[in-house]
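What follows is calculated from the coordinates using simple rules that are stated; it is not laboratory data. All of these numbers come straight from a predicted model, not from anything done at the bench. As a convention, Cβ positions derive from the backbone with ideal geometry for all residues, glycine included, and neighbour counts pool all protein chains shown.
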Amino acid sequence: MKEMKIKSILILSVLFSLVLVGIVYASDFLNDSNKEAANDNPYYTFGGHGELVISDNGSDGITMESFPEIEALSYEYLTKNSDLILIGKVKEILPSKWNTVDGKRPHDSVNDFEWYDIIYTDVVITADEYLKNPLPEDEVIVRVFTGTVGNDVSTADYEASFQPDEKVFLYLIEDEWEYTKDLGPEHYFTLGSIQGKLTLADDGTAMGVHGTISQNELVEMISA
């Protein structure tokens, strides 16, 4: 029985790896499969080692940890392929949910989980300035595939993280993934996962996963 459970966990790990890496690599194509590829930088990847681990955490819950390598995207690419670009502030981080109708855990046993079962967290952003495709409302919801529901925990080092009152520069795309797009209010993903979110400082700089860049430089790319 124990051996069967270990085998089931390994199979689930492979399946989850496929879907999460697929989402990360394809996040810039979720809304439009014909969007242009970046041609101003050579292709390379960063972060992680392509692994996802699912296990019982000893607290009547499960822990999902993912560490995929993802394609590095240039700021020019992010600018060109985003559905929405804005400067704003984190207003609220909503309670995490499973991607089920009631937001609760879909199965009792780790052996019963499907490849598309995932925890997500919605982050409410107050938009101070829209830089591309402005919306009539001043709040935008950004969804990330991490969070905690009861004793169940999901972490992903490729995903953007947010803090209350944090000032952010965001490159966003609409959610077109069939297993989350119709759950909850209208929402977006950060394009390129963690790459689509930068933290703004009072000195006019923006800090992202690839380092620090001037906020003015980012804005100039949009208006060019």
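The distance between label points at Thr212 and Asp108 comes to 5.4 nm (points 7 Å beyond Cα on the Cα→Cβ vector).
Between Ser161 and Glu139, residue separation times 0.36 nm minus the direct Cα-Cα distance comes to 6.1 nm. Using the Cβ of Val149 as centre and a radius below 10 Å, the other residues enclosed give a net charge of +2, where K and R count +1 and D and E count -1.
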